[in-house]
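Here is the structure we will look at.
Quick note: the coordinates plus some simple rules give every number you see, no bench work behind them. The structure displayed is predicted, hence computed values, not measured ones. A quick note on method: Cβ atoms are made from the backbone with ideal geometry, for glycine too, and the neighbour counts reach across all protein chains shown.
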Amino acid sequence: MKTQDVIDYFGSGAAVARAVGISQPAVSKWGEDVPGSRITNVRLAMMIEQQRRDNLAKRPRIRGAVKPEATDVRNPETQDDQRGQAAAF
């Protein structure tokens, strides 16, 4: 497994370090190939990252603006205060 491929996947050496649970200087010392002692951790981190990306892709996107009247319960034009009277500001 090539170090540069892993860095490209995560976006930076610091991101690789966070994902694998090591320091960024340790990643920078890897050389051309990921050390054998880290391959399992890197593969696991890549699987977790892929699952995170897949979950983000499945989340519904909110398109367009939501009308404030539909969501803002404190809007004096659409809601009464606690006493049942129109709120005046």
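One table, with the values for the structure above:
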item	result
Signed unit charges on C-beta, dipole axis of the range 3-57, positive-most listed residue Ile22, Ser37, Gln50	Ile22
Ordering of 8-21, 37-50 by packing [mean C-beta count within 10 Å, highest first]	8-21, 37-50
Calculated on alpha-carbon atoms, Rg and Dmax of the range 3-57 in Å	10.8, 33
